[in-house]
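Remarks on the structure that follows.
Just so it is clear, none of the values below were taken in a lab; they were calculated from the coordinates. As the structure is a prediction and not an experimental result, all values here were calculated from the model. Cβ: placed from backbone, ideal geometry, glycine included. Neighbour counts: every protein chain shown.
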Amino acid sequence: MVSKPFVFVFVLMSVVGVSFSVTEENDGTKVVDKEEDHHQNIQEELKKFLSTLEKIDIDQILNNHRLMSNNVKCFLNEGPCTAQLREMKKMLPALVKDSCASCTKEQKNIIKKSMEAIQARRPNEYKQVSKFFDPEGKYQKKFLENLNTD
């Protein structure tokens, strides 16, 4: 049986719009912060996404002008996206905020190679995509620094 104070807190949290989820355990009811649950789910999705990154032939993509143009248009919401690009686009903000801390050395090398190639070959588009995913530029420095560490 749930106590009256718990019911009051439950109702109060609902009224003020606090996100939470409730789980039942052996020792009673536990309130879990949904933000924390959401963060864990994103981290799990990010790890899955990063593992698929290693299976991509990045050179083939970087050397295909048409494919790169389509990819940039997708990222900037100026064109259609493939299922893989939609997934990548969904994960990029978490990856940038995470500063690639979840990345393996191989994944960091792939991302670094991609960024360097795009920056060298398509500097304007590189700036547009960077600004799109990090408008204030507050994550870029740490992200780039973390790519250079092992």
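One table, with the values for the structure above:
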item	result
Interatomic Cα distance distribution for the stretch 39-150, bins of 10 angstrom, percent	13, 48, 36, 2
Qualifying trypsin sites (Lys or Arg not before Pro) for the stretch 34-140 [loop in DSSP, other Cβ within 10 Å: at most 11]	Lys55, Lys138
Net length gained if the chain between Glu87 and Gln128 were fully extended (0.36 nm per residue, minus Cα distance)	12.8 nm
Whole-Hz couplings from phi, Karplus 6.51/-1.76/1.60, listed for the stretch 80-91; x for Gly and Pro	x, 10, 6, 4, 5, 5, 4, 5, 4, 4, 5, 8
Within the stretch 38-96, GluC sites (Glu not before Pro) in DSSP loop having at most 16 other beta-carbon neighbours inside 10 Å	Glu54, Glu78
Distance cut-off 12 Å, percentage of C-alpha pairs in the stretch 47-94 lying past it	66 percent
